[in-house]
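Take a look at the structure below.
The values are calculated or read from the model by the stated rules, or taken from the named source; none is laboratory data. These numbers come from a predicted model, not from an experiment. In this analysis, Cβ positions are derived from the backbone assuming ideal geometry, glycine residues included, and neighbour counts consider all displayed protein chains. Areas reflect the complete protein model, heavy atoms only, side chains present, ligands, DNA and RNA absent. Shrake-Rupley method; radii C 1.70, N 1.55, O 1.52, S 1.80 Å.
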Amino acid sequence: MNSLAQVYEREFRVRGLREQGWGRGLMATAAIIWLWMGYLLLFPFSADQGENFKPVECESRAFHQDSRNFAVSYRADEGERCDAERDWGPILAALLLSLPLASIGTGLYVSGTSALRTAAYAAEITRLNATREA
């Protein structure tokens, strides 16, 4: 194999590794956002009521007292302060932010992996052809 082909193959592999790295990073970022959303939904918390008042202990959004009874909302069960502390807006915004990160990260990882596999396949075919001709 001549030197230009070797340089191109090396750059092809480096580009595949770079794509894999970016894909892993974006998927890890999405996973961190999903873990944070899970924490916000599943764990109890306390809400401040001001300087002179004691914090209010609130149950999680997912497992509040009447969560099995769909007619009772979280606001009615836990109160307005607990409902305002863990509003759905930021949680859904985080979900919407994480979806493109996860899908682009998956695409980059798959693209990089297939580039590396293609380069390994081409190198093996070249090696087998060279040993057959010799």
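Data overview
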{"quantity": "Evaluation of residue 96 against (1) more than 20 Å from residue 24 (Cα to Cα); (2) without any contact (Cβ under 8 Å) to a residue 40 or more places away in the chain (one fails), failing number", "calculated": "(1)"}
{"quantity": "Top-ranked residue in the range 1-27 [being of a type in the set (Gly, Ala, Ser) and open to solvent by less than 50 Å² (accessible area, probe 1.4 Å); ranked as modelled with the lowest pLDDT]", "calculated": "5"}
{"quantity": "Residue ID - modelled with the highest pLDDT, chosen from residues in the range 50-66 that are assigned to a loop (DSSP other than H, G, I, E, B) and open to solvent by 90 Å² or more (accessible area, probe 1.4 Å)", "calculated": "54"}
{"quantity": "Residue satisfying all of: in the range 115-125; open to solvent by less than 70 Å² (accessible area, probe 1.4 Å) and free of Cβ contacts under 8 Å to residues at least 24 places away in the same chain; nearest to residue 18 (Cα to Cα) among these", "calculated": "120"}
{"quantity": "Long-range neighbours under 6 Å by Cβ, at least six apart or interchain, first residue within 16 Å of residue 100 (Cβ to Cβ) within the range 1-30, second not small (Gly, Ala, Ser)", "calculated": "22/108; 23/108; 23/109; 26/101; 26/104; 29/101; 30/101"}
{"quantity": "Residue check, residue 106 in contact with a helix residue (DSSP H, G or I) (Cβ under 9 Å, 6 or more places away or on another chain), more than 20 Å from residue 27 (Cα to Cα), assigned to a helix (DSSP H, G or I) and open to solvent by 60 Å² or more (accessible area, probe 1.4 Å)", "calculated": "no"}
{"quantity": "Output for the range 67-87, where each listed residue is part of a loop (DSSP other than H, G, I, E, B) and at pLDDT below 80", "calculated": "67, 68, 69, 70, 71, 72, 73, 79"}
